[in-house]
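The values are calculated or read from the model by the stated rules, or taken from the named source; none is laboratory data. None of the values given here were measured: they were computed from a predicted structure. Heads up, the Cβs are rebuilt from the backbone with ideal geometry, glycines too, and the neighbour counts pull from every protein chain shown. Note: accessible area is taken over every heavy atom of the protein model, side chains too, but ligands, DNA and RNA are not part of it. Shrake-Rupley method; radii C 1.70, N 1.55, O 1.52, S 1.80 Å.
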Amino acid sequence: MPTDSGQATYLEAVGLALDSEMDRDPDVFIIGEDVGQFGGAFKVTKGFLEKFGARRVVDTPIAETGFTGLAAGAALVGLRPVVEFQFADFISCAFDPIINVLARHHWRTGDAMPVTMRAPFGGRLRAGPTHSQSVESYFAHVPGIKIVMPGTPEDAAGLLVSSIRDNSPTLYLENKYLYRRLRASGPLSLDPIPLGVAKVVREGRDVTLITYSAGVSQGLEVAEELDKDGISVEVVDIRTIVPLDVETIVNSVRKTSRAVVLHEAAKRLGYGAEIAATIQEEAFWDLDQPVVRIGALNTPTPTSPPLEDAVIPQPAQIAETLRKVARA
Amino acid sequence: MATRTRRKPDAPAGTAIADRDPVLLRRIHEVMVLTRAVEDRMVAMYKGGDLLGSLYTGHWHEAISVGAASTLRTDDYMAPIHRDLGAHLWRGMEPWQVMASFMGKATSPTGGRDGTLHYGRLDLGIYNLPSHIPANFPVATGMAFASKYRGQDRVCLAFCGDGSTSRADFHESLTMASVLKLPNVFVIENNQFAYSTPLRMQSNSETFAIKAVAYGIPGVTVDGTDALAVHDAVAEGVARARAGEGPSIVEGVTMRMHGHAEHDPADYVPKDMYDEWSKKDPVELFENVLIDAGVLDGDAAKKVREDARQLAIAARRKALADPMPEPSGIEDGVYAD
Ligand SMILES: Cc1ncc(C[n+]2csc(CCOP(=O)(O)OP(=O)(O)O)c2C)c(N)n1
Ligand SMILES: [Mg+2]
């Protein structure tokens, strides 16, 4: 069981939030491959089996369609399942129940569908083309799924609490690169953080960087660097891509008049396209410059370090883009 | 692990008619007759242009849908498919609601948001399925899981066709249900075709029930035109599930007597198949069994049929008069409160 040392890692924050929701609500259970006696592939549920028992910590066969659909049925009759996908890459095997059952059931019928799907995603772990995918855009196009993408341990905890309590299906994407690299700055709060509320994580004057998940810590580091050159970057962490907090984004862009969108997913039809389009619809006349998107190249994610680094956005590229937009 | 085949001629009925509850027998008969009457009325509605799109019917599936549904308690769950009007009616779905669904009316179970065969009502314990077959199978395992999780003895009955058994949903659900010992009964409606695809192109398995061997659960094949054979086999599975012994498969063998849906002339079906199967009308067969056993007399049977006909006519009248939905508010409910 993760203990709250006051310095929880991103991974521990996920575990603590899940643990506290399972303490709070007997209808919450966790289901997935190797989540029980093994404690999960990344150890988010380490100790859960001992604490909550096999009734609520459910190891499954390798059957993503099966256990995702099972979660839907259990949710329909009042339980609040938390589904763990071992890697977000494998969520493609559950695409059908997510799209056709979970996402549209409430709209079709009015029945609540409180399923939380947790999935570790993303690159920079040298895990290659089918263990590094960013899957958010596959699902963002589909009405009916909320998509939660925390970039800090604090948000990982509070947003998971809200996801589990939400009556809609939520896709909660954990950035596995951040798991053991980020620590909470103080004692971790397990209070819910509302879905659909972005956060200005750094105030600035010259350009707004809109990002989420690993882009937040990456963006903040770059912003500190640029500060030395007198470029003041405002960083907006949107935290949930669905629902999207348009107001916070637009307010920031109105202030800085320049916007760069950053994510690790491929740039083409990545979520940045939606954000850029929204900005031009809502704040076109406030812009001094076109909105610029930073995302991965349109290739699968390679394994070998020099190759992966060439594909996924790197600090130098982010800094250069921000500098260019801020000074143009 | 018992996987067996029960065919009517050589398998004497387990329980004599005289030893069965006559009220239950008459109710099964009534709902089977009503199912046929509503579907015949809807075929006329389809031809007359009342419906939005095509119409999926369950002619010759009445013994399966009603025979199976009639084994459940009212607090059990059900996940039927497009041949199972009888199961819906057994649970209390109104015929006019079903017609309203095929007409896109505001009074359909989804208020016109979904339509045709996509109806269901959670308040009746019936899952409203999407198009994808058999997406109802994993959901059915979840309803059964919830029952077990809560220490209840509710059972979930799921239906699918022969063609649906080829999909991952079938395999993963059977795997999950058998490993987790979930209180499910999976009914396979083997009606010889999946749209135009005949059995021999769908599966190389000798029967569908025999697939149970691989999951380590019981599987049985019964005459799907014999309501009591279906009822008894499903009742055995339900009792087993309720007792915590896990899932089982019941395969009911019948024939799809209409096209896949009414738009489909089904000229790929050999004519002699229709000739053979037309001798095995499940509604007629069951009615004769009851009359022969003295549970029902000829006049009472006639009245059941006439009442069903009138109910179907009244249902059509109501569904036709019902309003179409208002587009305002169409964006409401994408997310739950
Ligand atoms: C995943 C999926 N593929 C294709 C279809 C289109 N489709 C609807 S019913 C059907 C045939 C189903 O055959 P079977 O399972 O035997 O049931 P039956 O209609 O014969 O009762 C097909 C191909 C579908 N609904 N879902
Ligand atoms: Mg079929």
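Points to keep in mind about this one:
- Screening A:Arg118 with (1) touching an Asp or Glu at 6+ places or on another chain (Cβ under 8 Å); (2) part of a helix (DSSP H, G or I); (3) closer than 25 Å to A:Val236 by Cα gives one miss only, at (2).
- Those residues of the stretch B:116-128 which are in contact with a helix residue (DSSP H, G or I) (Cβ under 9 Å, 6 or more places away or on another chain) and either within 16 Å of ligand 2 (Cβ to nearest atom) or within 10 Å of chain A (Cβ to nearest Cβ) (or both), in sequence order: B:Leu117, B:His118, B:Tyr119, B:Gly120, B:Arg121, B:Leu122, B:Gly125, B:Tyr127, B:Asn128
- Verdict on B:Ile249 being open to solvent by less than 60 Å² (accessible area, probe 1.4 Å), more than 23 Å from B:Thr35 (Cβ to Cβ) and within 15 Å of ligand 1 (Cβ to nearest atom): yes
- Restricting attention to the stretch B:69-103 and to residues that are small (Gly, Ala, Ser) and more than 15 Å from B:Lys318 (Cβ to Cβ), the residue that is nearest to the other protein chains (Cβ to nearest Cβ) turns out to be B:Ala79.
- Among the residues listed as B:Ala87, B:Ala144, the single one being in contact (Cβ under 8 Å) with a residue 60 or more places away in the chain, within 27 Å of B:Arg26 (Cβ to Cβ) and touching a strand residue (DSSP E or B) at 6+ places or on another chain (Cβ under 8 Å): B:Ala87
- Options A:Ile294, A:Ile241; residue that is open to solvent by less than 10 Å² (accessible area, probe 1.4 Å), more than 21 Å from A:Arg327 (Cβ to Cβ) and aliphatic (A, V, I, L, M): A:Ile241
- Filtered residues of the stretch B:153-182 (kept if more than 15 Å from ligand 1 (Cβ to nearest atom) and open to solvent by 10 Å² or more (accessible area, probe 1.4 Å)): B:Asp153, B:Arg154, B:Thr175, B:Ser178, B:Val179, B:Leu180, B:Lys181
- Cβ pairs under 6 Å, 6+ apart, first in the stretch B:156-173 and within 9 Å of ligand 2 (Cβ to nearest atom), second modelled with pLDDT of 95 or more and of a type in the set (Asp, Glu): B:Gly161/B:Glu189
- The residues on offer are A:Val260, A:Val236, A:Val246, and the sole one that is over 23 Å from A:Leu125 (Cα atoms) and open to solvent by 40 Å² or more (accessible area, probe 1.4 Å) is A:Val246.
- Top-ranked residue of the stretch A:104-119 - restricted to ones that are among the aliphatic types (A, V, I, L, M) and facing chain B (nearest Cβ under 9 Å), ranked as surrounded by the most Cβ atoms within 10 Å (Cβ to Cβ): A:Met113
This table checks each residue for (1) more than 12 Å from chain B (Cβ to nearest Cβ); (2) in a helix (DSSP H, G or I); (3) farther than 14 Å from A:Pro169 by Cα.
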| position | (1), (2), (3) |
| --- | --- |
| A:Lys46 | yes, no, yes |
| A:Lys51 | yes, yes, yes |
| A:Ile62 | no, no, yes |
| A:Gly69 | no, yes, no |
| A:Ala74 | no, yes, no |
| A:Gly78 | no, no, no |
| A:Val83 | no, no, no |
| A:Gln86 | yes, no, yes |
| A:Asp89 | yes, yes, yes |
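- Among (1) without any contact (Cβ under 8 Å) to a residue 40 or more places away in the chain; (2) assigned to a helix (DSSP H, G or I); (3) of a type in the set (Ser, Thr, Tyr) - the single one A:Thr321 does not satisfy: (1)
- Residues located in the stretch B:292-317, provided they are touching a helix residue (DSSP H, G or I) at 6+ places or on another chain (Cβ under 9 Å), of a type in the set (Asp, Glu) and open to solvent by less than 80 Å² (accessible area, probe 1.4 Å): B:Asp307
- Scanning the stretch A:72-119 for residues that are out of contact with any helix residue (DSSP H, G or I) (no Cβ under 6 Å at 6 or more places or on another chain), under 19 Å from B:Gly120 (Cβ atoms) and among the aliphatic types (A, V, I, L, M) gives A:Ala75, A:Leu76, A:Ile99, A:Ala103, A:Ala112.
- Looking only at the stretch B:129-147, and only at residues there that are surrounded by fewer than 23 Cβ atoms within 10 Å (Cβ to Cβ) and in contact with a Lys or Arg (Cβ under 8 Å, 6 or more places away or on another chain), the one that is farthest from the other protein chains (Cβ to nearest Cβ): B:Ile133
- Restricted to the stretch B:183-207, and to residues there that are more than 8 Å from ligand 1 (Cβ to nearest atom) and among the aliphatic types (A, V, I, L, M), the residue that is farthest from the chain's Cα centre (by Cα) is B:Met201.
- A count restricted to the stretch A:80-96 and to residues that are more than 16 Å from ligand 1 (Cβ to nearest atom) and buried (at least 24 other Cβ atoms within 10 Å of the Cβ) stands at 6.
- Residue satisfying all of: in the stretch A:120-147; crowded, with 22+ Cβ neighbours inside 10 Å and hydrophobic (A, V, I, L, M, F, W, C); nearest to A:Leu297 (Cα to Cα) among these: A:Val135
- Note on the stretch A:22-33: residues that are away from chain B (no Cβ under 14 Å) and either of a type in the set (Lys, Arg) or over 17 Å from B:Tyr149 (Cα atoms) (or both) amount to 1.
- Within the stretch A:95-115, the set of residues being assigned to a helix (DSSP H, G or I) and of a type in the set (A, V, I, L, M) comprises A:Ile98, A:Ile99, A:Val101, A:Leu102, A:Ala103.
- Out of B:Arg113, B:Arg83, one residue alone is modelled with pLDDT of 95 or more and either open to solvent by 30 Å² or more (accessible area, probe 1.4 Å) or of a type in the set (Asp, Glu) (or both). It is B:Arg113.
- The lone criterion from (1) touching a strand residue (DSSP E or B) at 6+ places or on another chain (Cβ under 6 Å); (2) open to solvent by less than 40 Å² (accessible area, probe 1.4 Å); (3) within 25 Å of B:Leu124 (Cα to Cα) left unmet by A:Asp27 is number (2).
- The requirement of being assigned to a strand (DSSP E or B) and within 14 Å of another protein chain (Cβ to nearest Cβ) is fulfilled somewhere in the stretch B:178-198, by at least one residue.
- Scope the stretch A:1-24; condition modelled with pLDDT under 95 and either open to solvent by 70 Å² or more (accessible area, probe 1.4 Å) or out of contact with any Pro (no Cβ under 7 Å at 6 or more places or on another chain) (or both); matching residues: A:Met1, A:Pro2, A:Thr3, A:Asp4, A:Ser5, A:Gln7
A quick yes/no check of all residues on (1) over 30 Å from B:Lys47 (Cβ atoms); (2) within 16 Å of ligand 2 (Cβ to nearest atom); (3) in contact with a helix residue (DSSP H, G or I) (Cβ under 7 Å, 6 or more places away or on another chain); (4) open to solvent by less than 40 Å² (accessible area, probe 1.4 Å):
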{"position": "B:Gln202", "(1), (2), (3), (4)": "no, yes, yes, no"}
{"position": "B:Ile210", "(1), (2), (3), (4)": "yes, no, no, no"}
{"position": "B:Pro218", "(1), (2), (3), (4)": "yes, no, yes, yes"}
{"position": "B:Thr225", "(1), (2), (3), (4)": "no, yes, yes, yes"}
{"position": "B:His231", "(1), (2), (3), (4)": "yes, no, yes, yes"}
{"position": "B:Tyr274", "(1), (2), (3), (4)": "no, yes, no, no"}
{"position": "B:Leu290", "(1), (2), (3), (4)": "yes, no, yes, yes"}
